[in-house]
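What follows draws every value from the coordinates through simple rules; no lab data is involved. Everything numeric in this text was worked out from a predicted model, so none of it was measured. When we count neighbours, we look across all protein chains shown, and the Cβ atoms used for this are built from the backbone with ideal geometry, even at glycine.
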Amino acid sequence: MSYFWENEIPEGYYDKAISFDQKSIYSTQSNWHKTTFESVSSKTENSETLLDFACGSGTFLGHYIKKETSVGVDISKSQILYAKEKYKNSGSFFALDEFKFEDYENHFDTITCLGLFEFISIEEADYFLEKFKYCLKDNGKIIISTPNFKLIMRTIEILLSRFGNIDYSEQYKTKYNKKTLTKILKSHKFKKLKIKKIISLFIFLSYINGKLALKLNKKFSDIFKENSGLLLVAEVQK
């Protein structure tokens, strides 16, 4: 996994792809990530200390959390270098081989892990969940996002692998749905567990009319009360 993320993803790729200029409203990728970040950040409002694990180039901490007490960790050293330069006032950033879980026992109010679990094995997910639990304060929470790999998402995956800027098809290791994600999280005996589904097919209208796409996407979530969507967002409490 490390070779792909270090060598195939350009430095700052996700930060630049998400962007916050006027043109970004017409980007499906940008609106997908912004919708995710907005949903997750709304669950972290009372968090003084936050770890963003698999932080990429630092966009979530830099644009949505904006606290110097935050910590970002990623496997890619080039993305961490980018984050340290651009978002140095929004937290401390570490490459995975520099970060020591043992230094953060009972330290974080919240740990976010967005878009990682689909790229690691079940065994690796179990390992990181135990490490996250170790680093959480009592009653602290973990928020995880991963695609909802049902029929529609599998079709989208095929299309993106053929026509997207980067082909992730060979990188997926575990394809979760609500049932399988619930199973692995329950095995770690957290106090509370809830999983919501966000992001609808309307997000793909962004390239035609971004504002309309976001409006319809929100309406869809409101109608179905986040019980239907292409992305799973799980929240568990220690």
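Here are a few things to note about the model shown:
- Look at the dipole of the stretch 2-237 built from charges on Cβ: of Ser200, Ala234, His107, the Cα furthest out on the positive end belongs to Ser200.
- Residue pairs, from the table Lys150/Lys189; Lys16/Lys215; Lys173/Lys197; Lys183/Lys238; Lys186/Lys238; Lys84/Lys238, whose Cα atoms sit over 18 Å apart: Lys150/Lys189; Lys16/Lys215; Lys173/Lys197; Lys84/Lys238
- Full-extension gain in nm, His63 to Asn209, via 0.36 nm per residue minus C-alpha separation: 50.2 nm
- Annotation for the stretch 1-53 versus the stretch 88-131: alpha-carbon center distance of 16 Å.
- DSSP beta bridges confined to the chain are antiparallel in about 45 percent of cases.
- Eligible aspartates and glutamates near Lys178 by straight Cα distance, threshold 16 Å, same-chain separation 8 or greater: Glu118, Glu226, Glu235
- The charge dipole of the stretch 2-237, taken about the Cα centre with unit charges on the Cβ atoms of Lys, Arg (+1) and Asp, Glu (-1), comes to about 1320 debye, rounded to the nearest 20.
- All distinct Cα pairs of the stretch 41-90 go into the 1/r average, and the inverse of that average, the Kirkwood radius, is 10.7 Å.
- Rounded if a/c under 1.5, otherwise prolate or oblate - the stretch 114-238, Cα gyration tensor axes: oblate
- By the beta-carbon count within 10 Å of each Cβ, the least crowded to most crowded order of Tyr207, Tyr87, fewest first, is Tyr207, Tyr87.
- Farthest toward positive dipole pole in the chain [+1 Lys/Arg, -1 Asp/Glu at C-beta], among Leu216, Cys135, Gly58: Leu216
- Gyration tensor analysis over the Cα atoms of the stretch 1-113 returns equivalent ellipsoid semi-axes of 22, 18, 11 Å (largest first, whole Å).
- Rounded to the nearest 500, the helix-only mean residue ellipticity at 222 nm of the chain stands at -11000 deg cm²/dmol, with each DSSP H run of n ≥ 4 adding -39,500 (n - 2.57).
- Sorting Val71, Val236 by the number of Cβ atoms found within 10 Å of their own Cβ, with the fewest placed first, yields Val71, Val236.
- Translational diffusion of the stretch 188-238 was estimated from the Stokes-Einstein equation, with Rh taken as the Kirkwood radius over Cα pairs; at 25 °C and 0.890 mPa s the coefficient is 206 µm²/s.
- Fraction of the pair-distance distribution of the chain above 27 Å, Cα-Cα pairs, percent: 31 percent
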